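Only the coordinates and a few stated rules stand behind these numbers; no lab work does. Note that the structure is predicted; figures quoted are calculated from it, not measured.
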Amino acid sequence: MTTIMNKSDLVKRLSNNTSSLDEDDLHQSVNIILNIISNSLSDSNRVEIRNFGTFSSRLRKSRISRNPKTGTSVLVEAKSYPYFRAAKHLKESLNK
């Protein structure tokens with residue numbers, strides 16, 4: 001069965017591997033990193049982390065959909081969404 005690692009779990013693992021920083025500093029660092037990635041994506045920039053992967057934003061085109069409750073057609077506006085492409089190194093490490 002797979003387990004889910006959330007941000008708190010990540011901070012705890014980092015804390016176990018780092019003796020010089022406490023959990024509060026690590027939690028703040030993780031938040032800063034995630035905010036930088038998020039802000040870069042909002043500005044339509046790519047974030048490439050070598051041997052890990054690339055974060056980018058993609059545009060989902062506008063389309064006509066149907067309201068399941070009433071059955072009427074509804075226009076869904078175009079919108080951006082985050083996209084992650086794993087690096088070759090990461091893919092290979094998962095399949096060892």
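Couple of notes before you dig in:
- 222 nm mean residue ellipticity, helices alone, for the chain (DSSP H n ≥ 4; -39,500 (n - 2.57); rounded to 500): -12500 deg cm²/dmol
- With Rh defined as the Kirkwood radius, the inverse of the mean 1/r over Cα pairs, the Rg/Rh of the chain is 1.13.
- Comparing S57, S29, S20 in a Gaussian network model of the chain, where Cα atoms under 10 Å apart are tied by springs, the biggest mean-square fluctuation is seen for S20.
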